[in-house]
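Just so it is clear, none of the values below were taken in a lab; they were calculated from the coordinates. This one's a predicted model, so the numbers in the text were calculated from it and none came from an experiment. In this analysis, Cβ positions are derived from the backbone assuming ideal geometry, glycine residues included, and neighbour counts consider all displayed protein chains.
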There are 2 protein chains.
Amino acid sequence: MNPTAAILLIGDEILSGRTQDTNGNHLAKKLTAAGIDLLEIRVVPDDHKTIKTAINDLRGRYTHVFTSGGIGPTHDDITADAIAAAFKVNIDVREDARAILASHYANPADLNEMRLRMARIPDGATLIDNPVSKAPGFSLGNVHVMAGVPVVFAAMVESLLPTLTGGLPLCSVSVRVEQPEGQVAMALADIAAAFPDVSIGSYPFVHQGVFGTSLVARSPDKARLAVVEARFSTLR
Amino acid sequence: MNPTAAILLIGDEILSGRTQDTNGNHLAKKLTAAGIDLLEIRVVPDDHKTIKTAINDLRGRYTHVFTSGGIGPTHDDITADAIAAAFKVNIDVREDARAILASHYANPADLNEMRLRMARIPDGATLIDNPVSKAPGFSLGNVHVMAGVPVVFAAMVESLLPTLTGGLPLCSVSVRVEQPEGQVAMALADIAAAFPDVSIGSYPFVHQGVFGTSLVARSPDKARLAVVEARFSTLR
């Protein structure tokens, strides 16, 4: 059994529609490649109680929980405090995190009171390196807390993922057939029944006026996927 | 108090990272404009029990639940059955839905057994019009079940939204300042404290090498927003 995961995206700006999230998709691809089965993505507002409740729900159900957003310097960056509350641990400015932040500013006065908020780390957490803008993320138990800004999020994912134990990477094959989904559905159901160990999906598309379907099979077993791919090809 | 909402996105292809969801963002913007407060987005796999559990959780907590995905003709399109199970009602091919589907095919034989699955509607549901490819969505209680293909999803949203009672549309103002977030955080916290009824957020950006921050205020009260906007402008 592969380890499992959920992603918790935190931010009013996603729920208002102002921001199209891309961090979820970025990490989803990385987890698939690492053999960690992503089973849920959840988006919640910048609300202390909601974040705390979601964290406690998700961390009990999945091997890993990855969060994005709410760890910057402003008043609405409340993720770290909510995580500490979820784990019932203390949170305060930590010396190593403060030193990392200080190294980012030529003028010590620039590390003002609000920026120092980014050095608030819950007791017992491990820092996640941020080579882009220094302010670190952190892991507490099985919860990994990262930034919302996509370039920083991606950098933190690169720092974190090699430290996690993955499973068998989920591989996929995809065959495009120039037939509408309803035309291949019956044959596809037969293939799905013949390969119950392989996840088989179909995704309709319209390309230059032609209705087609992408047939996709997913499994850690590449040999098995090759057999399914050959069956897919008979539907072309 | 505005009505509230959650979006449930159903599909292995989003969790594997193959597909970048855009339906959530599309509907989020529409709900904001309609005065319906979107408080959660959740992505779950094509799994009967998981969909059923999520539906029963969300429909009890929000005024509306909107789903996307899993209502096509193939074996992995299991949303309608999961919704029926969540509501403990029967599901079968419904004559009006079958007639709508039939009108889409010149050759009656094209409405095959698998395509007929798209006419399976839970007892007590109301159909949602699909002007793009006919196969309807449906509303059952406060759950609105729509397609995953973005162009079809968007068409169904247009059919559905005018039938729902909205609230005060959430408006927003945005001011870009050419200062890093940590530099304006303190002044922004003061503004947030002075306007507790207005949701105030900040989003850092880098543009042509300059670190800047977008200051965003959200409220249904436009006069109040104009006052906040003037305060934002003093930070430029």
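Observations on the structure shown:
- Counting only other chain Cβ atoms within 10 Å of each residue's Cβ, the peptide A:91-97 averages 0.
- Residue of B:Leu39, B:Leu101, B:Leu31 that the Gaussian network model of chain B assigns the largest fluctuation, springs spanning Cα pairs under 10 Å: B:Leu39
- Centroid-to-centroid separation of region B:71-111 and region A:152-209 [C-alpha atoms, Å]: 24 Å
- Chain B: angle of helix B:181-194 to the longest principal axis, Cα-based, in degrees nearest 10: 80 degrees
- Of the residues B:Thr74, B:Thr163, B:Thr50, the one that moves most in a GNM of chain B with alpha-carbon contacts below 10 Å is B:Thr163.
- Folded to 0 to 90 degrees: helix B:23-34 orientation relative to chain B principal axis, Cα: 70 degrees
- Here the Karplus relation 6.51 cos²θ - 1.76 cosθ + 1.60, evaluated at θ = phi - 60°, turns the backbone of region A:149-162 into coupling constants of 4, x, 5, 6, 4, 4, 5, 5, 4, 5, 5, 7, 4, x Hz, with x for every Gly and Pro.
- Region B:171-233: C-alpha gyration tensor shape, a/c 1.5 cut-off, then a/b vs b/c: prolate
- Shielding of peptide A:5-17 by partners, expressed as the average count of other chain Cβ atoms within 10 Å per residue Cβ, is 5.
- Rounded to the nearest 10 degrees, the inclination of helix A:222-233 to the longest alpha-carbon principal axis of chain A is 50 degrees.
- For chain A, a Gaussian network of Cα nodes joined below 10 Å ranks A:Gly69, A:Gly166, A:Gly124 by mean-square fluctuation, and the top entry is A:Gly124.
- Over the protein assembly as shown: helical MRE at 222 nm, DSSP H runs n ≥ 4 each giving -39500 (n - 2.57), nearest 500: -11000 deg cm²/dmol
- Among chain A residues, the one whose Cβ is nearest the axis of the rotation from A to B, given with its distance rounded to whole Å, is A:Arg42, 3.
- For A:Asn142, inter-copy label distances in nm, listed shortest first [label point 7 Å out on the Cα-Cβ vector]: 3.1
- For the cross-link pairs B:Lys88/B:Lys134; A:Lys30/B:Lys134; B:Lys52/B:Lys222; A:Lys222/B:Lys52; A:Lys49/B:Lys30; A:Lys134/A:Lys222, the ones whose C-alpha atoms lie over 30 Å apart are A:Lys30/B:Lys134; B:Lys52/B:Lys222; A:Lys222/B:Lys52; A:Lys134/A:Lys222.
- Prolate/oblate/rounded label for region A:1-73 (Cα gyration tensor, a/c 1.5): oblate
- Peptide B:194-206 has a mean shielding of 4, counted as Cβ atoms of other protein chains within 10 Å of each residue's Cβ.
- Label 7 Å beyond Cα on the Cβ vector: B:Glu178 copy-to-copy distances, nm: 5.3
- Exam field: A:Pro220 pseudo-label spacings to other copies (7 Å along Cα-Cβ), nanometres: 5.1
- Secondary structure note: in chain B, about 60% of the DSSP beta bridges are antiparallel.
- Under conditions of 4 °C and 1.567 mPa s, region B:4-163 yields 83 µm² s⁻¹ as its translational diffusion coefficient, taking Rh as the Kirkwood radius over Cα pairs in the Stokes-Einstein equation.
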